[in-house]
Amino acid sequence: MLGPRLYRYTDDADQWRLETYLKHDGYQGLKKALEMGREAATAWVADANIRGRGGAGFPMARKWGTIPKTATTIYLTCNADESEPGTCSNREILENDPHQLLESMLIEAFCVGVRDAYIYIRGEYRLGAERLLAAVEEARAAGYLGDGVLGTDFNCNIWVHRGAGAYICGEETALIESLEGKRGQPRIRPPYFPTVMGLKDKPTVVNNVETICNLAHLFRLGGPDKFKEIGTQTSTGSKLYCISGHVKNPGVYETTFQVTMRQLIWDYAGGMLDEAHPLKAVIPGGASFQWWTQDQLDVIMDFDSVRAAGSNLGSAGVMVMDDTTCAVDACLNLVEFFAHESCGKCTPCREGTHWLVEILHRIEHGEGRPGDPDLLLDICENIGGRAFCLLGDSAIVPVQSSIQLFRDEYEYHIREKKCLAHQRYRLSH
């Protein structure tokens, strides 16, 4: 690791101000991109293979390539609606280094041909929104935004829009609906792929904060070769990992994609909170993804390795659980979140998530029935792949993972009317 990139200056109390940002080589990446021209700058992004940091890891330049060649009006939207449980990496940038995001958005807007760009920020991020608005005004006054950016023929404005705290608006089509002033609900795809028909029915590129911010560093470093000096062959650059749960030092850590889960927990987060209680399970990419056990601790935390090990890197929201954790209770906690955040547009998600909560609740509280684990899995089968968006698919993952790994705990809950994990804990003390 050659030192942090995205978090390099976030500890500076004045980094959110333009004057300090410029002292730290701010907007030099934008100047470089403008000097190179759109075609050459876009080629750099493609060569750097910057992949989306918030979900499936889709390459940024490939997403740009899905915009119709005949498009005359294109929009850019930054997804700053960071709502995935266990994830808080974007918040640090929004609150303490907002010009990094603005510079990177301007580079993307220049490459794609965007005149109007939007930042959709989570409603709870009040300080982040205030700092972003202040940064936009500073950048506009200094000539980095508006007509004739830095004396060129490139024109671009950035607008900040605050959401209302709905998790579903992290889904890009629901975000666009909300940005248009409508109820935040997903659109059916196809035909509504945002890069073909998005905001105001025009092609729209949607990326999250961490993904976009890599652009400023790509151009500031001097090109793809420098950018790819860290990371793996297919997952280039650095990554922000959010580590929470039963660890000594929870937090967000920036490191290379070459790090393993074991290193994240013990070298970065200080190890298990109480070494007398070993790791039981860990979720590598946020609440939406499959659980791991100790068998996966040495998996490299890049997009392809995590997927090959049966999960997904997602937003890299690493949630660590020790052996005092009740698998049923942990699953119920996650599924309650998804049920609460379902927008209600489609029946499988609206009804199915509440059925899952109802059954999990009765198991956890000593009222479970012998066939409940299989009933839960059957409901999951009827939700998966049938909802309008991925929230339904996300809600079933904790159920499927916990039953697959810890079915004995479910059966003990049902048979003995109490928790196996808590029973083990009491016996050990």
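The values are calculated or read from the model by the stated rules, or taken from the named source; none is laboratory data. Remember, predicted model here, so these are calculated numbers, not experimental data. Virtual Cβ from ideal backbone geometry, glycine too; neighbours counted across all protein chains shown. The protein model used for the area step is the full one, side chains on, heavy atoms only, and it has no ligands, DNA or RNA in it. Shrake-Rupley method; radii C 1.70, N 1.55, O 1.52, S 1.80 Å.
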Between segment 365-427 and segment 65-126, how many Å separate their Cα centres?
-> 37
Whether segment 154-209 is rounded, prolate or oblate, judged on the alpha carbon gyration tensor where a/c under 1.5 counts as rounded | oblate
Say each of ASP147 and ALA308 gets a label point 7 Å from the Cα, pointing the same way as Cα to Cβ; how far apart are those two points in nm?
-> 5.4
Per residue, the convex hull volume that the Cα atoms of segment 172-320 enclose (Å³) = 146
Note down, for segment 326-389, the three equivalent ellipsoid semi-axes (square root of 5 times each alpha carbon gyration tensor eigenvalue), biggest first, whole angstrom.
-> 21, 13, 9
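Work out the FRET efficiency for LYS69 and ASN155 from their Cβ-Cβ distance, taking R0 = 22 Å, and round it to the nearest 0.05.
On the way: r = 21 Å, r/R0 = 0.96.
My answer for the efficiency is 0.55.
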Segment 257-324 - Rg (one decimal) and Dmax (whole number), Cα, Å = 11.1, 33
Here the residues of segment 177-207 lying in the modelled label zone of ALA164, meaning backbone nitrogen under 16 Å from a point 7 Å along Cα-to-Cβ, are 177-186
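Leaving ligands, DNA and RNA out of it, report the carbon-plus-sulfur percent of the accessible area of segment 1-130 at a 1.4 Å probe. It would help to have the intermediate numbers written out before the result.
Details: 2440 of 5310 Å².
With neighbouring chains kept in place, the figure for segment 1-130 is 46 percent.
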Estimated 222 nm signal from helices in the chain, with DSSP H stretches of n ≥ 4 weighted -39500 (n - 2.57), rounded to 500 = -13000 deg cm²/dmol
Per the Kirkwood formula over distinct C-alpha pairs, the hydrodynamic radius of the chain in angstrom is 22.5
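Give the shape of segment 147-259 as rounded, prolate or oblate, defined through the alpha-carbon gyration tensor: a ≥ b ≥ c are the square roots of its eigenvalues, a/c under 1.5 means rounded, and otherwise the shape is prolate if a/b is larger than b/c and oblate if not. All intermediate terms of the calculation are to be shown ahead of the outcome.
Numbers: a/c = 2.00, a/b = 1.24, b/c = 1.61.
The shape class here is oblate.
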Would you tally the net charge around ARG415, using a Cβ to Cβ cut-off of less than 13 Å, leaving ARG415 out, and scoring K and R as +1, D and E as -1?
-> -2
Three-way shape label, segment 2-104, alpha-carbon gyration tensor, a/c 1.5 | oblate
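Once you compute Rg and the Kirkwood Rh from C-alpha atoms, what is the Rg to Rh ratio for segment 180-240?
Working: Rg = 16.3 Å, Rh = 14.2 Å.
Expressed as Rg/Rh, it is 1.15.
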29 Å Cα-Cα threshold exceeded, pairs from LYS239/LYS418; LYS202/LYS228; LYS32/LYS63 | LYS239/LYS418; LYS202/LYS228
